[in-house]
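Novice: Sharing a structure below in structure tokens format, with a few things to ask.
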Amino acid sequence: MPTLIIALASFFGFIVAYRTYGAWLGSKIFELDDNRTVPSKEFQDDVDFVPTKCSIVFGHHFTSIAGTGPIVGPAIAVFWGWLPALLWVVFGSIFIGAVHDFGSLVVSLRNDGQSVGQIAGRMISPRAKILFLITLFFSLTVVLGIFGLVIATIFEAYPESVLPVWVSLPIAVVIGILVKRGSTQLLPMSLASLALIYFCVYLGAYHFPIRLQFDQFEGLDPNWTNPKTVWTGILLVYCAIASVLPVWLLLQPRDYVNSQQLLLALALLVTGLVVACFSGSADLIASAPAIVTAPPADAPPILPFLFITIACGAISGFHCLVSSGTSSKQLCRESDAVAVGYGSMLLEGALAVVVILACCAGVGMSGNANANNQVSLGQAITMASVADNADAPQQVTPQRMAWEARYGGGKKWKEFKLTHMVGAFIDGGANFLSAIGIPGKMAVGIIAVLVASFAATTLDSATRLQRYVIQEIGTTIRISPLANRYVATLVAVLLGGWIAMQPNAAGMRGAGGLLLWPLFGATNQLLAGLAFMVILFYLWRRSKPIWFVAIPMAFMVVMPTLALGWQLFDPDQGWVFNFGTKPLLATIGLITLGIQVWMLVEGKLAWSKAKGVLEAPASSRQSDSALQNEGGRSC
């Protein structure tokens, strides 16, 4: 029962926050007004700027920001115990993450749908624009290098997920065409599509698991033909195509269907959690320690690393790119920004809460015999009994032994692999579904497809966003070819592919994502701090209250800076001191840290002159006062 109480209390807190804090931000601080003309209508081109109903934009925005971030981060962070992870997810998403996403969305809405990087040039200084665009460029390069690997890893470990994930793409295109022509309504078509995707989950789980194997072909270099490398290449080609298609053709219908997939999966997970709690098979308290007091010696300190390990579940700088890069170009009225910007982040926080419970209480349930990576209860007991774990309690429950087998057992921090952590949620979540009678293979397939689908939406959205950033850089520094959408897309994909295909120590290609994984958390959270700075200047120039932005901004500057500094300059493991083996990490880390410091200096120089002084208008706007008189249309 404590597990259920914790889950319900977290969900209730999110609902209250949306109705109170989110509503206050929208009405009192940002003064959302549906009479303002939004960018989707003023610059409508039916490719990027497309006026769209709130429910559809919500689906796109949520699936783009979610990805695997709220899954992998919490799955790793419960290594320190479930209580710190839970507290950071709940309070971080309410007071920091949702404010960041919502603020970025509104500021972009008020600035022609421009990205936060472009807006920084007018809010802070022209140099700040270049610095921010460079930060965005590096951050998105890391995202492209990592998320391709994440999906490839899922495809390899859970081949039953391949068929339904790829089938969902042509389904989305058909829906987009039919809805655009007015031949059908989106909701019934998407529900039918969801049923078809779940049928494909069944086919993939029981009849057509798809595995890439090239061992039978002689003369092929295994460094280039291992499944992760091939899948990563295929995914990047798909992203190149998807990122230049009109948003109504693939992005909107696919993300809408995926959002329904998530809502259904969450409903199943919560139902399974309730049943498992009442039956006594899911017990968070018995399954895992609230706080781990003796982690392995090679583990980084919980402070500040908890706050960068869990990024998307509490706050993520990547979200400001989605808010200002795609979502702001689709909203058909300002009031929808509360649901899309603030509400989506709270729903992501709810997902992260479910992940924490699945990785602790779910993993501790009796094993799902059909799960690919599930540690059986008997194995768990054996492994835990021989583990050298100083934090082991006096009375070890079977559930705790299962958790120890995955997270404890004397493992070193560096031994925690991506497959291992993603598998923790997939297997734990499948155990919840098994509690309500869903067969084991089907349960694993449902959760694996959920994870892969969300990672795919993040990957192709990141490619589109990187295209925007490269176009902005090309325009700013006057390199006209880079301003072309197709050239910019090609540059984004080639660079992401080059990063992704970097070899590991054994020379195996496709390991670039893993090599850059340590950078993702710190650079992502530093980006959030910089986005907060832009929001802060927007409010400061309008003499609005800033405390609710200033406090999160300071937190999201200090914590990632401490973490990145530790990663760079730790005498034993620091990238600078191991430059010969970690040149890519050290180089990108030092550049990111330098840009962060420079941006703070730019902000300090502009601060005293900015209060009450409106920035130069965006290209087509005259001033905020002029906006007040502009009429708007409802969708």
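The values are calculated or read from the model by the stated rules, or taken from the named source; none is laboratory data. Bear in mind the structure is a predicted one, so any value in this text is a computation, not a measurement. FYI the Cβ positions are ideal-geometry reconstructions off the backbone, even for glycines, and counts take in every protein chain you see.
Novice: Kindly evaluate Ala9 against the criterion of being assigned to a helix (DSSP H, G or I) and either touching a residue at least 24 places away in the same chain (Cβ under 8 Å) or not hydrophobic (A, V, I, L, M, F, W, C) (or both). Outline the logic, then answer.
Specialist: On the way: assigned to a helix (DSSP H, G or I): yes; either touching a residue at least 24 places away in the same chain (Cβ under 8 Å) or not hydrophobic (A, V, I, L, M, F, W, C) (or both): no.
Answer is no for this residue.
Matching residues to (1) surrounded by fewer than 19 Cβ atoms within 10 Å (Cβ to Cβ); (2) over 30 Å from Lys180 (Cβ atoms); (3) without any contact (Cβ under 8 Å) to a residue 24 or more places away in the chain:
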{"position": "Lys228", "(1), (2), (3)": "no, yes, no"}
{"position": "Leu235", "(1), (2), (3)": "no, no, no"}
{"position": "Ser259", "(1), (2), (3)": "no, no, no"}
{"position": "Leu263", "(1), (2), (3)": "yes, no, yes"}
{"position": "Thr271", "(1), (2), (3)": "yes, yes, no"}
{"position": "Ser287", "(1), (2), (3)": "no, yes, no"}
{"position": "Ala294", "(1), (2), (3)": "yes, yes, no"}
{"position": "Ile302", "(1), (2), (3)": "yes, yes, no"}
{"position": "Phe307", "(1), (2), (3)": "no, yes, no"}
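Novice: While we're on this one: Checking the condition under 21 Å from Ile76 (Cβ atoms) and buried (at least 19 other Cβ atoms within 10 Å of the Cβ), which residue from Leu519, Leu593 passes? Can you show your working first?
Specialist: Values: Leu593 fails: under 21 Å from Ile76 (Cβ atoms).
Exactly one of Leu519, Leu593 is under 21 Å from Ile76 (Cβ atoms) and buried (at least 19 other Cβ atoms within 10 Å of the Cβ), namely Leu519.
Novice: Taking segment 547-606 as the region of interest, how many residues are of a type outside the set (A, V, I, L, M, F, W, C), touching a residue at least 40 places away in the same chain (Cβ under 8 Å), more than 15 Å from Ala531 (Cα to Cα) and assigned to a helix (DSSP H, G or I)?
Specialist: Total meeting the criteria: 2.
Novice: While we're on this one: Take segment 453-479 and flag every residue that is among the aliphatic types (A, V, I, L, M), surrounded by fewer than 24 Cβ atoms within 10 Å (Cβ to Cβ) and touching a helix residue (DSSP H, G or I) at 6+ places or on another chain (Cβ under 6 Å). Give the derivation first.
Specialist: Initial filter on segment 453-479 (among the aliphatic types (A, V, I, L, M)): 455-456, 459, 462, 465, 469-470, 473, 477, 479.
Checking which are surrounded by fewer than 24 Cβ atoms within 10 Å (Cβ to Cβ) leaves us with 473, 477, 479.
Listed by number, the list holds a single entry, Ile473.
Novice: Please enumerate the residues belonging to segment 518-546 that are closer than 17 Å to Gly97 by Cα and of a type in the set (Gly, Ala, Ser).
Specialist: Scanning segment 518-546 gives Gly521, Ala522, Ala528, Gly529, Ala531.
Novice: Counting only residues that are under 16 Å from Ser259 (Cα atoms) and either at pLDDT below 90 or not basic (Lys, Arg) (or both), how many does segment 41-69 have? Walk me through how you get there before you give the answer.
Specialist: At the first step, the residues of segment 41-69 found to be under 16 Å from Ser259 (Cα atoms) are 52-69.
Filter once more, so that each one left must be either at pLDDT below 90 or not basic (Lys, Arg) (or both): 52, 54-69.
So the answer is 17.
Residue-wise test of (1) at negative phi; (2) modelled with pLDDT of 95 or more; (3) surrounded by fewer than 24 Cβ atoms within 10 Å (Cβ to Cβ); (4) not acidic (Asp, Glu).
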residue: Ile71; (1), (2), (3), (4): yes, no, no, yes
residue: Pro74; (1), (2), (3), (4): yes, no, no, yes
residue: Trp82; (1), (2), (3), (4): yes, no, no, yes
residue: Phe102; (1), (2), (3), (4): yes, yes, no, yes
residue: Val116; (1), (2), (3), (4): yes, no, no, yes
residue: Phe138; (1), (2), (3), (4): yes, no, yes, yes
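Novice: Considering only segment 427-448, state which residues are touching a residue at least 12 places away in the same chain (Cβ under 8 Å) and outside any helix (DSSP H, G or I).
Specialist: The initial filter retains those residues of segment 427-448 that are touching a residue at least 12 places away in the same chain (Cβ under 8 Å), namely 427-436, 438-448.
Passing the criteria: Ala435, Ile436, Ile438, Pro439.
Novice: Continuing with the same structure: Which residue is farthest from Val613 (Cα to Cα), if the candidates are limited to segment 520-546 and must be among the small types (Gly, Ala, Ser) and in a helix (DSSP H, G or I)? Show your work before the answer.
Specialist: Within segment 520-546, the subset among the small types (Gly, Ala, Ser) is 521-522, 528-529, 531, 543.
Okay, now just the ones that are also in a helix (DSSP H, G or I), so 521-522, 528-529, 531.
Values: Gly521: 35, Ala522: 33, Ala528: 24, Gly529: 23, Ala531: 20 Å.
Ranking the candidates gives Gly521 first.
Novice: Considering only segment 98-149, state which residues are under 18 Å from the mean Cα position of the chain (by Cα) and either more than 27 Å from Cys239 (Cα to Cα) or among the aromatic types (Phe, Trp, Tyr) (or both).
Specialist: The answer is Ala98, Val99, Phe102, Gly103, Phe137, Phe138, Phe147.
Novice: If we keep just the residues of segment 18-72 that are of a type in the set (D, E, K, R) and within 28 Å of Phe147 (Cβ to Cβ), which is nearest to the chain's Cα centre (by Cα)?
Specialist: That would be Asp48.
Novice: Looking at Val363, Val322, Val340, which is the one that is under 30 Å from Val244 (Cβ atoms), in contact with a Phe, Trp or Tyr (Cβ under 6 Å, 6 or more places away or on another chain) and touching a residue at least 24 places away in the same chain (Cβ under 8 Å)? Don't jump to the end; show me each part of the working.
Specialist: Working: Val363 fails: under 30 Å from Val244 (Cβ atoms); Val322 fails: in contact with a Phe, Trp or Tyr (Cβ under 6 Å, 6 or more places away or on another chain).
Going through Val363, Val322, Val340 in turn, the sole match is Val340.
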